[in-house]
Structure formats: C-alpha cells, structure tokens
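The values are calculated or read from the model by the stated rules, or taken from the named source; none is laboratory data. Every value quoted in this text rests on a predicted model; they were computed, and no experiment measured them. Neighbour counts are summed over all protein chains in view; Cβ atoms, including those assigned to glycine, are modelled from backbone coordinates with ideal geometry. Surface accessibility is based on the protein's heavy atoms, side chains included, excluding ligands, DNA and RNA. Shrake-Rupley method; radii C 1.70, N 1.55, O 1.52, S 1.80 Å.
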Amino acid sequence: MQKKIPCSAERLGLLDPQMIQAVSDASSFQIAHQYLTANRVRIVEADDSQITAAVVGHSGLYEQTIRLKDGHLVSKCSCTLPEEPMCRHCIAVLLEYQRWAQPQPSRKPKPAKGSITAPPVASSENGKGTTPHSVTPDVKLSEIMVFLEWLEPATKALERQEPLPSPPALGPGAALMWIQTIRNLEEQRRENEEVMTNLESQLKDRDADIGQLTQQLQTSLREGNAGQATTQELQREVASYKEVLATVSKLTTEIVRHIAQMRAVTGDMQQKNSQLEKLVCSFKDVAEALQSAVVLPPH
Ligand SMILES: [Zn+2]
C-alpha cells in the first residue's frame, strides 16, 4: 500500500526521530521502536532519496520502499496494515535509516546507488533513538528469505526433536552465521541430552546397588541378631556348667573329708585290735595258770 506525506526535508537523512514521531500514529511508532530495538530491520539499499528495506514483523517478512519525491515522503510496504499515514514497518525503516546513516568510524558505507551523504547529527535534546549500536546492513534480502525458508522446517524439526535440515547453499554472511549458531545450539542440546541419559542410567545403577547393599545389610543384621541369641544361650550353658563344677568341687571336698575320717576310724580300729590281741594273750596266760593249778592233785 502506497502512502504519501508532505515533507519539507530535502534529504531522508535529515528526518530525525522526533520528526518521524511527529507524523506517525503513536502506537505504530511505539511498535516500530520495538522492532528497531529487537534488530528486526534490515536496510537493503539506501541513499538520501530512497530506501529499500525489509522488516521481520509479527507474522512474517515485509519489504518496504521509501522515497522522497517532489516534497513528499512516499512509503510503500508489502503488509496490509491500515495504519495511517505510515505503517509501523516504514516508521521502523526510517528510524533504522537515521541510525544507519549516522557517521560511525568502523562502518564502511555501502556503495549502492551513489554514496550516502551522512547528514549532520540532528540536534535532538535527548538524543533518543540515535544510540549507535551494531547493525548489519550487509545482509541481503535474498539471504534473509533463504534463512526464513530454512527456519520453518528447522523449527518443526526442533519441535519434534528430529535432526535439523541441512543448511542451504549460502555464501559467508550473517544468515549463514545464524544457521550455524542454531545448528551449534541444537548440537549442544543433543550432547546435553546424551549426558543426561548417561547420568540417569548411572543413577539407576547406583539405586540398584544401594538396594542390593540394603538387602545385604538386612541379612547381616538378621545373622547378627541370630548370633547374639546363640551367644546368650552359650553364656547360659556356661553358667550352668559352672554351677555343676561348683557342686562337684563341694562333693570332692566332702569325699576327701570322709576319707580322712575313715582313715582315722581305721587307725582307731587297728589300735583297738592290738589292745584286743594283748587282752587275748593275757586271757591265755590266765587260763594256763588256772589249768596248772587245777591239774596238781592235793597231797
Ligand atoms: Zn508495513
């Protein structure tokens, strides 16, 4: 949709953010500023009378052409938004061009249609929107299209956790770098997943080991308890044997005492026996004396 705004600026580079904001719808300008911050704007070709650009919008990539012609700013965008007097994409492109056209020591101007005459730095009070930061004006629209074509199946593959599609034939540049970065991240994710799987299986092994050790420990505890019971029984047996031994030793002492008594009695008996023998001898002597007295006749 082509839109025309009267414009007194002689060069596109003279349009500072405040001037752009003044002619823009407030919410469109805000969204455009967000696009700028998110680095979604790419200047394809530019000079001070015409800008060709592309913006990655919320629902796809849109292409813009903005011209300064006969005192009018003529903007054209491939989107269908009814925003007036300019769509958010064209506003974002103008803002990006402002930034892009600022003199920066490290940047080499693109030799497009004529050279870009850097405009004098707009004397804005707060300098809002003119903060210099890295931009990549070398990315070609065709490369972005190839990248987006690759991105769609790649996103699906990522969602399904399938391998990424092979990269398209691109020359060295930002698009190839993006693809490579995505591929590297995916590779890292896969590696991390493998490490996780390994760790999980190790954890399972450890769990199994711990289960086995717990069982062994329980068995050992049961055996220990049984052993303790046996020991207590043995201790009880030893105690009863000790009692028996004490009784035996008491009996032995008594037997020894009885033997001594018996010996004493035997000694007494022997003594009495010898006295008896002596008595028997005396009786014999008396008997013989009596006999001899009886035998002699009286005369
Ligand atoms: Zn648009």
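Here are some notes:
- Nearby aspartates and glutamates by direct alpha-carbon distance to LYS4 (threshold 16 angstrom, same-chain neighbours under 8 apart not counted): ASP25, ASP70, GLU83, GLU84
- Share of carbon and sulfur in the accessible area of the chain stands at 58%, probe radius 1.4 Å.
- Rounded tilt (10° steps) of 174-295 against the dominant C-alpha axis of the chain: 10
- Summarising the amide proton neighbourhood of VAL44: residues at separation of 5 or more, or on other chains, whose placed amide H is nearer than 5 Å comprise THR52, ALA53, ALA54.
- Gaussian network model of the chain, springs between alpha carbon atoms under 10 Å - residue of LYS140, LYS76, LYS204 with greatest fluctuation: LYS204
- Once the Cβ-Cβ distance of GLU288 and LEU251 is raised to the sixth power relative to R0 = 41 Å, the FRET efficiency obtained is 0.15.
- Whole-number D in µm²/s for the chain (Stokes-Einstein; Kirkwood sum over Cα pairs; 20 °C, 1.002 mPa s): 72
- Estimated [θ] at 222 nm from DSSP helical runs (n ≥ 4, -39500 (n - 2.57)) normalised by residues in the chain, nearest 500: -21000 deg cm²/dmol
- Between 0 and 90°, nearest 10: helix 141-159 axis offset from the chain longest Cα axis: 30
- Pair-distance distribution P(r) for segment 149-221, from all Cα-Cα distances in 10 Å bins starting at 0: 17, 30, 18, 13, 11, 8, 3, 0 percent.
- Pairs from LYS76/LYS140; LYS3/LYS140; LYS250/LYS272 whose Cα-Cα separation, in the structure shown, is over 30 Å: LYS250/LYS272
- Ordered from highest to lowest accessible area with the whole protein assembly present and a 1.4 Å probe, HIS258, HIS58 read as HIS58, HIS258.
- Hits among aspartates and glutamates - C-alpha to C-alpha of LYS69 under 14 Å, sequence gap 8 or more where chains match: GLU10, ASP47, ASP48
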